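Step one of this worksheet: look at the structure below.
Please treat every number below as a calculation from the coordinates, not as lab data. Everything numeric in this text was worked out from a predicted model, so none of it was measured. Please note: Cβ atoms are built from the backbone with ideal geometry, for glycine as well, and neighbour counts cover all protein chains shown.
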Amino acid sequence: MKPVLQLADVTFRRDGKQIIDGISLTVNEGEHWALLGPNGAGKSTLLGFCGAVTFPTSGSVRVLGEQMGRTDLATLRRSIGHVNPRHRLQHPRTVREVVFTGITGTNDLPLRWTPTADDVARADAMIDTVGLRRIADSTWPTLSQGERGRTLIARALIAGPRLLLLDEPSTGLDVAAREQLLETIDSLGEAHPDVASILVTHHLEELPSTTTHALLIAEGRTVASGTALATVTTDNVTAAFSHPVHVGYDDGRWTARAKATRMEV
């Protein structure tokens with residue numbers, strides 16, 4: 001399998017503070033990684049390296065075979081899909097129009113840009129993939145948070161990315177909407193078998209059943225890395241979150257439950 005992402009001993013410092021401290025990671029085609037860790041662990045910074053957005057202070061980053069600092073990043077980013085639930089639009093676009101912005105690589109539709117018939121067909125195919133055909137003409141402000149999440153997945157996929165980054169995609173969703181979103185993510189493996197993905201979260205219940213690998217970090221350092229079943233364990237999660245957590249696994253899904261501690265009265 002070809003590597004689509006290689007981080008080699010990356011570090012990152014900001015205002016004299018060490019945010020990332022010597023993390024290495026290799027993601028191959030078709031692998032689906034979970035990036036797990038508590039708040040403040042450095043997950044967002046690490047995702048910035050993966051998306052060819054942030055340069056490390058030291059170490060090297062190779063994305064899709066290209067080394068950051070030695071390639072045109074704008075071109076490279078067109079092959080990286082990014083799903084961010086905090087995506088902002090300047091105008092109340094329809095689902096289809098939001099998906100079009102994945103073609104243009106912009107947050108909103110450029111002035112005087114008109115989709116071709118092929119663009120429309122591709123957008124509709126992606127909208128079908130995420131199960132939103134019936135609301136393709138609905139506008140962004142009228143969508144539920146779950147529908148917005150699935151729209152952003154379609155937006156990310158339309159450019160034909162080789163790497164898909166999902167930044168806490170279940171943020172703000174109720175249980176039913178979260179499960180619908182995870183079903184959508186699970187289905188992508190069949191429709192796009194060569195695409196690699198990295199999903200960032202700090203909730204084990206938000207991991208899709210198709211997760212193949214995991215990287216657990218805390219305080220900017222690697223706690224554990226490898227296949228998902230061998231990595232997302234009680235011992236490793238307890239170490240990463242600095243709290244006793246029991247991890248369960250059943251029918252492709254993980255659960256986490258902290259050991260109750262009673263306060264002395």
Give a quick list of trypsin sites (Lys or Arg not before Pro) in the range 1-81 that DSSP marks as loop, anything other than H, G, I, E or B, with at most 12 other Cβ atoms within 10 Å. ARG70
Restricting to lysines and to Cα separations under 26 Å from LYS259, and discarding same-chain partners fewer than 8 apart, the set is LYS43
The range 207-227 scanned against label point 7 Å out from ASN39 along Cα→C-beta; backbone N under 17 Å for 218-220
In terms of Cα to Cα distance under 15 Å, which aspartates and glutamates are near enough to LYS17, apart from those fewer than 8 places away along the same chain? GLU219
Efficiency of FRET from Cβ geometry, LEU89 and ASP186, R₀ 41 Å, rounded to 0.05: 0.90
How far is it, in nm, from the label point at ASP194 to the one at THR171 when both lie 7 Å from their Cα along the line to the Cβ? 3.2 nm
Quick one: LEU47, LEU111, LEU143, fewest Cβ neighbours within 10 Å first, how do they rank? LEU111, LEU143, LEU47
Among DSSP bridges having both ends in the chain, what percentage is antiparallel? Round to the nearest 5. 60 percent
Out of the DSSP beta bridges found with both residues in the range 166-241, what percent are antiparallel (nearest 5)? 75 percent
For the range 84-91, 3J(HN,Hα) per residue [Karplus equation, 6.51 cos²θ - 1.76 cosθ + 1.60, θ = phi - 60°, Hz, x = Gly/Pro]: 10, x, 8, 3, 10, 10, 7, 10
For the range 147-265, what is the charge dipole size about the Cα centre, in debye to the nearest 20, if Lys and Arg each add +1 at the Cβ and Asp and Glu each add -1 at the Cβ? 240 debye
In the chain, if every C-alpha pair distance is counted and binned at 5 Å from zero, what percent goes to each bin? 1, 6, 13, 16, 18, 16, 13, 9, 5, 2, 1, 0, 0, 0
In the range 198-262, which trypsin sites (Lys or Arg not before Pro) are in a loop and have at most 13 other Cβ atoms within 10 Å, using DSSP for the loop call? LYS259, ARG262
How far, in nm, would the chain grow between LEU229 and ASN107 when pulled straight, counting 0.36 nm per residue and subtracting the alpha carbon separation? 40.3 nm
So, with +1 on the Cβ of K and R and -1 on the Cβ of D and E, and no other charges, what is the size of the charge dipole of the range 1-137 about its Cα centre, to the nearest 20 debye? 320 debye
